[in-house]
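Here the structure comes first, spelled out in structure tokens, and everything after it is commentary.
The values are calculated or read from the model by the stated rules, or taken from the named source; none is laboratory data. Small disclaimer: the values here were computed from a predicted structure and weren't measured. Cβ: placed from backbone, ideal geometry, glycine included. Neighbour counts: every protein chain shown. Accessible surface areas use protein heavy atoms only, side chains included; no ligands, DNA or RNA. Shrake-Rupley method; radii C 1.70, N 1.55, O 1.52, S 1.80 Å.
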Amino acid sequence: NEILANNFKFIKMYDYNPSKLRKAVRLLASLGCEVVLYDVLKIDTASSNNTPAWQELINTSKDLMQLCSKLNVAGLITMQLDQNRNDRRVLTNELITGARGVNEVLAESFMIRILKKDEYTGQAHDCKAYNFKYDENGKIMKGADKKPIKEYLTLDEDSEYMVAFHTKSRSDGIGTQILYKSILDFATYQEIGYTSIVESQPHQYTKKKASE
């Protein structure tokens, strides 16, 4: 998009060197950038120290967040989910590849995946997509039970959707599942409502007791 193009600055990095990352963040901040996105946070494969991989990821994320705070820019990172656990419907922080401890550094965390076809309206694992009903003043309407009134959505079987699980927050509640519709012509995602996805086989992911 030519209108927005000048609002973005890209730096292509060929390795996962923390020192180069810090230099890139300082450069972007000096150019007036307000938000820095690092995609994807991984281990520094060129490092010669004996630091465990998971600890190195945590250290890098801490350094990045502290630097962003010092430079007064918002810092965003992406991480890959464990591909061996892609059967999960409800995403949680334990599915982060490499270092779950990175999540402790973050102020907010969202786990995102594509909505599966069997989670569309009327399918076996219907995600129960909904939005809230609003009055003429833009306020959420409540029923006789004082709970927000939901309006359920019918998902288009020919469209693609993404769902974001809010798994970490230092300023608000967690657990919200936000639904986005893919607008492929503009390479964007439009927030359209919420979902109520539950794990289809929760017994598989229940932690065993220490005595077992």
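The strands (runs of 3 or more DSSP E) found wholly in region 150-200 and carrying at least 1 residues that are without any contact (Cβ under 8 Å) to a residue 40 or more places away in the chain occupy 150-152, 177-183, 188-194. Only one entry of Asp126, Asp156, Asp145 meets the criterion of being among the acidic types (Asp, Glu), open to solvent by less than 50 Å² (accessible area, probe 1.4 Å) and farther than 30 Å from Ala74 by Cα, and that entry is Asp126.
For beta carbons closer than 8 Å, sequence separation of 6+ or different chains, a first residue in region 111-131 that is in contact (Cβ under 8 Å) with a residue 24 or more places away in the chain and among the charged types (D, E, K, R) and a second that is open to solvent by less than 70 Å² (accessible area, probe 1.4 Å) and part of a strand (DSSP E or B), the qualifying pairs are Arg113/Leu81; Arg113/Met162; Arg113/Val163. One residue stands out in region 87-105 among those that are free of Cβ contacts under 8 Å to residues at least 24 places away in the same chain and part of a loop (DSSP other than H, G, I, E, B): the one that is surrounded by the fewest Cβ atoms within 10 Å (Cβ to Cβ), namely Asp87. Among the residues of region 106-137, those that are among the charged types (D, E, K, R) and not in a strand (DSSP E or B) comprise Lys116, Lys117, Asp118, Glu119, Asp126, Lys128, Lys133, Asp135, Glu136. Just one of (1) in contact with an Asp or Glu (Cβ under 7 Å, 6 or more places away or on another chain); (2) of a type in the set (D, E, K, R); (3) outside any helix (DSSP H, G or I) fails for Glu56. It is (3).
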